[in-house]
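A.B. asks: Supplied in structure tokens, the structure appears directly below.
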There are 2 protein chains.
Amino acid sequence: MNSDKPAIPRGTQDFSPEVMIKRSFIIGQIKKVFEKSGFLPLETPAMENLSVLTGKYGEEGDQLLFRILNSGNFLENIGDDDLRSRNVKALAPRLSEKGLRYDLTVPFARYVAMNRNEIVFPFKRYQIQPVWRADRPQKGRYREFYQCDADIIGTNSLICEAEIIAIINEAFKGLGIKDFTIKINSRKVLEGMAGILGAGDRMNVFFTILDKLEKMGKEAVSREFISSGFGNDFVARLESMLDRAEVYQLNDMNEFLASSDTGKSGLDDLGRIMEYSRHLGADDRKTRFDFTLARGLSYYTGAIFEVNVSGVSIGSVGGGGRYDNLAGSFGLPGISGVGFSFGIDRLYDAMEQLSLFPAQERFSTRILITNFGDEPEIFALKVLSRFRNRGINAEIYPENDKIKKQLGYANKKGIPFVLFIGSDELKTGKFSLKDMISGQQEELTIDEALQKLLQGN
Amino acid sequence: MNSDKPAIPRGTQDFSPEVMIKRSFIIGQIKKVFEKSGFLPLETPAMENLSVLTGKYGEEGDQLLFRILNSGNFLENIGDDDLRSRNVKALAPRLSEKGLRYDLTVPFARYVAMNRNEIVFPFKRYQIQPVWRADRPQKGRYREFYQCDADIIGTNSLICEAEIIAIINEAFKGLGIKDFTIKINSRKVLEGMAGILGAGDRMNVFFTILDKLEKMGKEAVSREFISSGFGNDFVARLESMLDRAEVYQLNDMNEFLASSDTGKSGLDDLGRIMEYSRHLGADDRKTRFDFTLARGLSYYTGAIFEVNVSGVSIGSVGGGGRYDNLAGSFGLPGISGVGFSFGIDRLYDAMEQLSLFPAQERFSTRILITNFGDEPEIFALKVLSRFRNRGINAEIYPENDKIKKQLGYANKKGIPFVLFIGSDELKTGKFSLKDMISGQQEELTIDEALQKLLQGN
């Protein structure tokens, strides 16, 4: 035990007050938009039974689950031979029956299946909670991070997709992010493409490799298609499409997908979604059809989205799509819905890079009242109470310390005003109010100081 | 794997939207008061190194830590004999190096020790996060529950204790809780008492047994003192004090503690705290000196508090006190402070019992717009956007379903107004607005409907 130099686990982070205030701003803005659109909050436990979690994220995902060691004698029912085998993959499930949630979608599906009789469908819920993954920590990738999901389930209506687009527009307006792009595509369009290009029987592999385009570039993706046995002809035709990806509009795709009913239905959906979202007030120019958008997850079946902030070198700050079978593995088949997830950490980085965080006066103390002990201290407490009662965040320096130290406290904490209450001031009824930014001082009555602070609020 | 009937781990709970809205109300009110008093938010990771957690909560606490199984081959470095021994107490630390946090105080102390050079002292932080304990689940006791802590550290000033009292008053005002009692005592008073009663050398045992008074009653406590060897004389004198506990005021104690400097200093503190808190606007009559208040934790050294809501059969809804050595075990001795923790779950139960939750219009949808497809649907989307732009939480029913189903949705979700937009209405420009509570309908233009909703907001 090395308790003299405490540390936090690799891949986790403390959120200092400074960071928390900015994170709260982001989360608060997004919540407001969710609630305005009729989404209701939900929270699920950090721990889920491993029977709920395993098998939902592929084999790789299962490896990344954090498992909770069973309480009591967790080795009791394991035989000597099993122990000696050290086959941890086989033993882990016997030592542990609970794990930390890996995302918010599976717990949501579990919740819906468990509460199917009480839930009012269509069900619109949002959920903002941390998730945990035993990934190798690296810059920007944490083992504990927040997800911020909104889902509408129990309806096929394309209005839901349009609502998601409108929500992104509205949330970004609140955050002050002006330049962004919502890329939109449909799994149906991709299915049509794959069929026409001759890969209709290997859809999921097609999605998975295409999904790497942005990260790896066209050549590397082509090589991976070849090495995965997709054939030269397929790759040549795909490449010629990718060359024109930037200019390909919905109409161009219509021609290409003429022979695919699924593909055409996907294009119809996208056209309808664009129209709906326009009526909902979303900015048309921010939404861009991109047939190369694939998304990694296998459960999408309709429209898919991804959002990027312009001018920052950060990946997508959110993504989502339509799925047709949310809770099938929990015995509740046929629940269709649309989900979207904001990446809070990346939004934070983007806003930091673009200097978009407003001065957070609501959170931080607006005025510090000095402490000179005795009578002034008593008077200062009463003044403090008056300021707070008027909704002004206010503090008294708790000790009768050197004035330099008291001002230093205000300075370091970024408190913009300091009110001096000493015995001389008590006699005259006039108190110095110091503006810590300009350095100027004014002699004011308490009422005047209060008015001045109220105007600034 | 029994995935058809999913369940959540014993002792954990989902917070449904209905519950979340009420919890958010409580947390929002408390946060507001914290921020008005200059406290800043902090969040720490759910996982801490076990070297940070163990040894801080006594042996019983260590047993209740949830341990995370190491990733990779967690059995690799454990010999066959050790495995066969099945000595889980010895093996657990070798299988797992991280655990879930057990409270917010130890992570806070760890944070302060790690960031001692950046923190501006006195440091006022609040923290609202879940904690985990592998306790036997029972009614009202969960394995995952929220704590809501505020601490002021780095100063001995008794203003801090008074601030805590003022915060409790202010928070309860915001929550609508009118009848409550803040019990206050000081560990110094208890030390003085123990000394005078002849138990000065067994202070901690004295605190621990006295702490059970409210739960077990006087006779059981007396028996436990006897069986712990405190002697008949001690118990007789303590009992005669306990008989008068209700009427014992600070002054009575002054007499009793005349020979104890520590005890008298504790009484002086309490007098000063009461005076300060009065000046800060706290209601005097809500704070009651109670020399039987002991608090379980060993680290308190000065004033201690506990809050009870009147008229409900729920234990204390919050507690705290002054400590003198927050971060000593992390190599940072001598950090004094005052902490207080609100019990969110118990406050929830108390407010539910007293019917204190306000109608939560801010969160829930105020108006549902019907969906009759085609032209009306397009028009409805535009209207929806107008309502939301004016800050009204609004929804459109996503599908052109039977009107009965659409109204049923509004009803079940508690949406107070439904606006009918059909093709006939489009021609006349007058739309039916139905008040779902009274059942009355009015024919209004969109502008008039908007005005009506705005007035209700």
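A.B. asks: Scanning region B:409-430 for residues that are aliphatic (A, V, I, L, M) and in a strand (DSSP E or B), which turns out nearest to the chain's Cα centre (by Cα)?
C.D. replies: B:418
A.B. asks: With the requirement that a residue be of a type in the set (Ser, Thr, Tyr) and over 41 Å from the mean Cα position of the chain (by Cα), what does region A:431-452 give you?
C.D. replies: A:432, A:445
A.B. asks: If you take the residues of region B:128-175 that are within 9 Å of chain A (Cβ to nearest Cβ), hydrophobic (A, V, I, L, M, F, W, C) and open to solvent by 10 Å² or more (accessible area, probe 1.4 Å), which of them is nearest to the chain's Cα centre (by Cα)?
C.D. replies: Top of the filtered list is B:166.
A.B. asks: Name the residues in region A:357-366 that are open to solvent by 20 Å² or more (accessible area, probe 1.4 Å) and either at pLDDT 95 or above or facing chain B (nearest Cβ under 9 Å) (or both), would you?
C.D. replies: Of everything in region A:357-366, those that are open to solvent by 20 Å² or more (accessible area, probe 1.4 Å) and either at pLDDT 95 or above or facing chain B (nearest Cβ under 9 Å) (or both) turn out to be A:362, A:364.
A.B. asks: Same structure again: Among the numbered criteria (1) over 27 Å from residue B:357 (Cα atoms); (2) charged (D, E, K, R); (3) within 8 Å of another protein chain (Cβ to nearest Cβ); (4) in contact with a Gly (Cβ under 9 Å, 6 or more places away or on another chain), which single criterion is violated by residue B:36?
C.D. replies: It fails just one condition, (1).
A.B. asks: Answer yes or no as to whether residue B:140 is within 20 Å of residue A:92 (Cβ to Cβ) and either small (Gly, Ala, Ser) or touching a Pro at 6+ places or on another chain (Cβ under 7 Å) (or both).
C.D. replies: No; evaluated as a whole, the condition is false for this residue.
A.B. asks: Collect the residues in region A:100-118 that are open to solvent by 20 Å² or more (accessible area, probe 1.4 Å) and hydrophobic (A, V, I, L, M, F, W, C), keeping them in residue-number order.
C.D. replies: A:114 - this is the single residue of region A:100-118 that is open to solvent by 20 Å² or more (accessible area, probe 1.4 Å) and hydrophobic (A, V, I, L, M, F, W, C).
A.B. asks: Could you pull out the residue among B:45, B:6 that is assigned to a loop (DSSP other than H, G, I, E, B), over 30 Å from residue A:10 (Cα atoms) and facing chain A (nearest Cβ under 8 Å)?
C.D. replies: Among B:45, B:6, only B:6 is assigned to a loop (DSSP other than H, G, I, E, B), over 30 Å from residue A:10 (Cα atoms) and facing chain A (nearest Cβ under 8 Å).
A.B. asks: Any chance region A:97-107 includes a residue that's free of Cβ contacts under 8 Å to residues at least 60 places away in the same chain, touching a Gly at 6+ places or on another chain (Cβ under 6 Å) and at the interface with chain B (Cβ under 9 Å from one of its Cβ atoms)?
C.D. replies: No; the residues of region A:97-107 include none that is free of Cβ contacts under 8 Å to residues at least 60 places away in the same chain, touching a Gly at 6+ places or on another chain (Cβ under 6 Å) and at the interface with chain B (Cβ under 9 Å from one of its Cβ atoms).
A.B. asks: On to the next question. List the residue pairs whose Cβ atoms are under 7 Å apart, where the first residue sits in region A:109-125 and is within 8 Å of chain B (Cβ to nearest Cβ) and farther than 12 Å from residue B:412 by Cα, the second is open to solvent by 10 Å² or more (accessible area, probe 1.4 Å) and assigned to a loop (DSSP other than H, G, I, E, B), and the two are 6 or more positions apart or on different chains.
C.D. replies: Listed by first residue and then by second, the contacts come to A:110/B:6; A:111/B:14; A:113/A:331; A:113/B:6; A:114/B:6.
A.B. asks: I need the full set of residues from region A:187-199 which are open to solvent by 40 Å² or more (accessible area, probe 1.4 Å) and assigned to a loop (DSSP other than H, G, I, E, B), in order please.
C.D. replies: A:198
A.B. asks: OK, next. Kindly evaluate residue A:61 against the criterion of being under 12 Å from residue A:106 (Cβ atoms) and not in a strand (DSSP E or B).
C.D. replies: Yes; evaluated as a whole, the condition is true for this residue.
A.B. asks: So which of B:160, B:148 is in contact (Cβ under 8 Å) with a residue 24 or more places away in the chain, closer than 27 Å to residue B:325 by Cα and in a helix (DSSP H, G or I)?
C.D. replies: B:160
A.B. asks: Out of the residues in region A:390-408 that are among the basic types (Lys, Arg) and part of a helix (DSSP H, G or I), which is farthest from the other protein chains (Cβ to nearest Cβ)?
C.D. replies: Ranking the qualifying residues of region A:390-408, first place goes to A:404.
A.B. asks: Taking the conditions exactly as written (within 24 Å of residue B:87 (Cβ to Cβ), in a helix (DSSP H, G or I), out of contact with any helix residue (DSSP H, G or I) (no Cβ under 8 Å at 6 or more places or on another chain) and facing chain A (nearest Cβ under 8 Å)), does residue B:51 satisfy them or not?
C.D. replies: Criteria met by residue B:51.
A.B. asks: For region B:46-56, which residues satisfy the criterion of being under 20 Å from residue B:331 (Cβ atoms) and open to solvent by less than 10 Å² (accessible area, probe 1.4 Å)?
C.D. replies: B:48, B:52, B:53
A.B. asks: Of all residues in region B:304-322, how many are within 24 Å of residue B:175 (Cα to Cα) and either buried (at least 24 other Cβ atoms within 10 Å of the Cβ) or of a type in the set (Phe, Trp, Tyr) (or both)?
C.D. replies: 8
A.B. asks: Quick one: in region B:208-228, of everything that is in contact (Cβ under 8 Å) with a residue 12 or more places away in the chain and among the hydrophobic types (A, V, I, L, M, F, W, C), which residue is most open to solvent (accessible area, probe 1.4 Å)?
C.D. replies: The residue in question is B:213.
A.B. asks: Looking at residue A:215 and the list (1) among the charged types (D, E, K, R); (2) part of a loop (DSSP other than H, G, I, E, B); (3) within 25 Å of the chain's Cα centre (by Cα); (4) over 30 Å from residue A:31 (Cβ atoms), which single condition is not satisfied?
C.D. replies: Status for residue A:215: all satisfied but (2).
A.B. asks: So which residues in region B:367-389 are touching a helix residue (DSSP H, G or I) at 6+ places or on another chain (Cβ under 7 Å), more than 8 Å from chain A (Cβ to nearest Cβ) and either at pLDDT below 95 or part of a helix (DSSP H, G or I) (or both), if there are any at all?
C.D. replies: Those that are touching a helix residue (DSSP H, G or I) at 6+ places or on another chain (Cβ under 7 Å), more than 8 Å from chain A (Cβ to nearest Cβ) and either at pLDDT below 95 or part of a helix (DSSP H, G or I) (or both): B:375, B:376, B:379, B:383, B:386, B:387.
A.B. asks: Let me ask something additional. Within region B:323-338, work out how many residues are away from chain A (no Cβ under 13 Å), of a type outside the set (A, V, I, L, M) and open to solvent by 10 Å² or more (accessible area, probe 1.4 Å).
C.D. replies: Total meeting the criteria: 3.
A.B. asks: One residue is enough: does region A:294-303 have a residue meeting the conditions within 23 Å of residue A:173 (Cβ to Cβ), at pLDDT 95 or above, open to solvent by less than 50 Å² (accessible area, probe 1.4 Å) and in contact with a Lys or Arg (Cβ under 8 Å, 6 or more places away or on another chain)?
C.D. replies: Looking through region A:294-303, at least one residue is within 23 Å of residue A:173 (Cβ to Cβ), at pLDDT 95 or above, open to solvent by less than 50 Å² (accessible area, probe 1.4 Å) and in contact with a Lys or Arg (Cβ under 8 Å, 6 or more places away or on another chain).
A.B. asks: Related question: Among (1) at the interface with chain B (Cβ under 10 Å from one of its Cβ atoms); (2) over 30 Å from residue A:152 (Cβ atoms), where does residue A:81 come up short?
C.D. replies: Unmet condition: (1).
A.B. asks: Which residue is most open to solvent (accessible area, probe 1.4 Å), if the candidates are limited to region A:400-449 and must be farther than 23 Å from residue B:158 by Cβ and β-branched (Val, Ile, Thr)?
C.D. replies: A:437
A.B. asks: When region B:229-264 is examined, which residues are found to be exposed (fewer than 14 other Cβ atoms within 10 Å of the Cβ) and of a type in the set (Ser, Thr, Tyr)?
C.D. replies: B:240, B:259
The values are calculated or read from the model by the stated rules, or taken from the named source; none is laboratory data. Keep in mind that this is a model prediction, so the values were computed, not measured. Counting neighbours? That spans all protein chains shown, and the Cβs are built from the backbone with ideal geometry, glycine included. Each accessible area value is taken on the protein alone, full model and side chains, heavy atoms only, with ligands, DNA and RNA left out. Shrake-Rupley method; radii C 1.70, N 1.55, O 1.52, S 1.80 Å.
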